[in-house]
1. Residue pairs, Cβ under 6 Å, 6 or more apart or interchain, first in segment 213-241 and closer than 14 Å to VAL289 by Cβ, second in a helix (DSSP H, G or I) and not small (Gly, Ala, Ser). List them.
2. Within the set of pairs 6 or more residues apart or between chains, which connect a residue that is in contact (Cβ under 8 Å) with a residue 60 or more places away in the chain and under 17 Å from ILE384 (Cβ atoms) inside segment 97-112 to a residue that is of a type in the set (Val, Ile, Thr) and more than 11 Å from the ligand (Cβ to nearest atom) with Cβ atoms less than 7 Å apart?
3. Here are some conditions: (1) within 20 Å of VAL20 (Cβ to Cβ); (2) among the aliphatic types (A, V, I, L, M); (3) within 16 Å of the ligand (Cβ to nearest atom). ALA53 meets all but one. Which one does it not meet?
4. Only one of (1) within 16 Å of the ligand (Cβ to nearest atom); (2) modelled with pLDDT under 95 is not met by PRO176, so which one is it?
5. Which residues, counting only those in segment 314-370, are closer than 30 Å to LEU271 by Cβ and aromatic (Phe, Trp, Tyr)?
6. Would you tally the residues in segment 71-110 being more than 16 Å from the ligand (Cβ to nearest atom) and surrounded by fewer than 22 Cβ atoms within 10 Å (Cβ to Cβ)?
7. Does segment 267-295 hold any residues that are surrounded by fewer than 18 Cβ atoms within 10 Å (Cβ to Cβ), over 17 Å from ALA221 (Cβ atoms) and modelled with pLDDT of 95 or more, and which are they?
8. Name the residue, out of MET313, MET361, that is of a type in the set (A, V, I, L, M) and touching a Phe, Trp or Tyr at 6+ places or on another chain (Cβ under 6 Å).
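The values are calculated or read from the model by the stated rules, or taken from the named source; none is laboratory data. Fair warning: this is a prediction, and the values are worked out from it, not measured in the lab. Quick reminder, even Gly has a Cβ in these numbers, built from the backbone with ideal geometry, and neighbours come from all protein chains shown.
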Amino acid sequence: MDSEDPSVSRFREFLRIKSVHPNPDYAGCIAFIQRQAQEIGLEFHQVNFDPPAEFAVWVTWRGTEPSLKSIMLNSHLDVVPVDESKWDFDPFSAHKASDGNIYARGTQDMKSVGIQYLEAIRKLMASGLKPRRTIHVTFVPDEELGGTKGMVPFVKSPEFQRLNVGFGLDEGGACPANSFLLFNAERALWQIRITVKGNTGHALHFIENTAAEKSRKIINAFHTFREEEKGKLGDLAAINLGNVTTVNMTMIQGGVQPNVIAPEIVITFDLRITPKWSQIEAEDFIKKVCTDAGDEISCEYILKGPVIPETPMTPENKWWTSFKSACDSEGIELLPLICPGATDARFLREVGIPAFGFSPMNNTPILLHDNNEFVNENVYLKGIKIYEKIIQRLWMTEGE
Ligand SMILES: [Zn+2]
């Protein structure tokens, strides 16, 4: 047996804790993190909300200038379920193959990142460095269920206020190429239910102003828009998806019987609103589609997440300058994009804290939520070095 880097062993130990839905072992995770904090010599904190299934834990490395805004390094503890029959290895054994690939649920999403933050701090502390700004490494539950038991109550809590966070890092994604993905925003999820009423009668007539005619206008308008947005994607569809708004008709209901003109039709659309649009522009667009289609049309929002502006990647954002200079010094090529899905970072941006999504995993196939999720141990170890540099540059950031 060749000896394994202890950073890799600790990562594999973390992966073996079954924090998988629907019954994640959060107690096991918390005990693990508390032990890491003790070993490294960091403060451990926990807050339980009401109900007690809602919580957050964090590990703090106190800065030499503690009045300055702090840096938050966030990850979620939970992982999505597995279909074990589709895996080559037990997804909670953290099997390491001879090529160094470590297979387990959570290797990419996102236990790697959580432990890399801690390993980077462990190394920085061992070399005798002291941070200027305070660093908080936060761990939250239930990101995969929308964050309602973790990040959502956490950002609203007085405990969070006291952390005085100025900037946050959260998850990004694996990149099959040599570059690294960087998310600076996310799309907002909207779901709308449009109820269309119209004249009814026997289906052998040309009855005017029917619900079906009006529905056709609405469906056409949304699909014309859908084609326009799709057309903007170009060749890099997967990368540009966050820059456009998707709209899909997901449900249609109505009618009484085959020979009666439907008096009412209900159509449901799922929209993912790009932050390239403002909330008002998006609302106006939907309103216009409904108004143009005729009378007796009402629109109700089932879901309406806020459209949150992008965290700027310009020199005015001093956190970006620090982050970018760290990446430059490590020879990292960043691929900035708007996350087409949703992560806990949106709750930070929503309360006005600039945040980036970044997972240092390049040359790695995208296997988040997929079978045989893995990361190579060399990619993982390089990621720790990258975080060492990023954390140092971030704590040197100018300003309050
Ligand atoms: Zn995740």
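1. Every condition considered, the pairs that remain are ILE218/VAL289; ALA221/VAL289.
2. Pairs found: ILE102/VAL375; THR107/VAL375; GLN108/VAL375; SER112/VAL375.
3. (3)
4. (1)
5. TRP320, PHE347, PHE356, PHE358, listed by residue number.
6. Looking only at that region, the number is 17.
7. Correct list: ILE280 only.
8. MET313
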